[in-house]
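The structure appears right after this line, and notes come after that.
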């Protein structure tokens, strides 16, 4: 009998394929290929700030030596803000651009930017990567309202001026029932917020469920609440998650 896996994952942007759509979701495809039964539920909703707000706060671009993204949602917000003004977009392309993870980097490339740092995998390693670069001025960090403190704290402690602009806000969803009313063997968290959403969902027994996490920061957030994490993906990639679950299974 196949082990059932529930992915608590929201689409990275509104333009993504909806979660749970079979082969359209690379995470589901990788786990099914590894022999798991898979379902996806989005634990979060997102509200974007108005594009004119970001334009007003971020201009002129020459105030900054570069900019930082840790989610493709922040990239989507920025893309909306500069879409109507080619001059603004060109001015930003002359700056250093730092991004965590392949999805965030791919979203930036789709807008014509060339980010660096995507292989760092999480915020703390990205901050250390940035410190090795000659940025030559303040950085702009476009983030969500639930972003962790580690990246800006590391940069500021090292003397790198970092300004933050919240460009989207996160709302937790309540999970009313398990998919198909079948209790999963595994629940995979893609962010600490996904774990919070599960904890606030009434009537769902967590007994007998193994937890897995995408990345060390999410794993640490789960453990901080007294729960064990049996598998942690070594990289933010579908194949890495499949390997981690197979190894721990």
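The values are calculated or read from the model by the stated rules, or taken from the named source; none is laboratory data. No experiment lies behind these values; they were computed from the predicted model shown. Here the Cβ positions follow ideal geometry from the backbone for every residue, glycine too, while neighbour counts run over all protein chains shown.
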Could you list, in sequence order, the residues of region 77-105 that are touching a helix residue (DSSP H, G or I) at 6+ places or on another chain (Cβ under 7 Å) and either under 30 Å from residue 216 (Cβ atoms) or without any contact (Cβ under 8 Å) to a residue 12 or more places away in the chain (or both)?
-> 77, 78, 95, 97, 98, 99, 100, 101, 102, 103, 104, 105
From 29, 99, 33, which residue is surrounded by 15 or more Cβ atoms within 10 Å (Cβ to Cβ), over 26 Å from residue 149 (Cβ atoms) and modelled with pLDDT of 80 or more?
-> 29
Checked against (1) modelled with pLDDT of 80 or more; (2) crowded, with 18+ Cβ neighbours inside 10 Å; (3) touching a strand residue (DSSP E or B) at 6+ places or on another chain (Cβ under 8 Å), residue 72 satisfies every condition except (3)
Can we say residue 109 is at pLDDT below 90, closer than 20 Å to residue 77 by Cβ and not assigned by TED's automatic domain parsing to the domain that holds residue 219?
-> no
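Find the helices (runs of 4 or more DSSP H) located wholly in region 145-249 whose residues include 1 or more that are more than 21 Å from residue 120 (Cβ to Cβ), and list them.
Details: elements: 150-157, 192-199, 216-224, 238-248.
In region 145-249, the matching helices (runs of 4 or more DSSP H) lie at 192-199, 216-224, 238-248.
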Filtered residues of region 220-232 (kept if at pLDDT below 95 and surrounded by 19 or more Cβ atoms within 10 Å (Cβ to Cβ)) | 221
Give region 118-141 a look and list any residue that's crowded, with 18+ Cβ neighbours inside 10 Å and under 20 Å from residue 218 (Cα atoms), or say none.
-> 118, 120, 121, 122, 123, 126, 127
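Condition check ((1) in contact with a helix residue (DSSP H, G or I) (Cβ under 8 Å, 6 or more places away or on another chain); (2) at pLDDT 90 or above) across all residues:
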site	(1), (2)
158	yes, yes
181	no, no
211	yes, yes
234	yes, no
Criterion violated by residue 166 - all others in (1) touching a residue at least 40 places away in the same chain (Cβ under 8 Å); (2) more than 20 Å from the chain's Cα centre (by Cα) satisfied = (2)
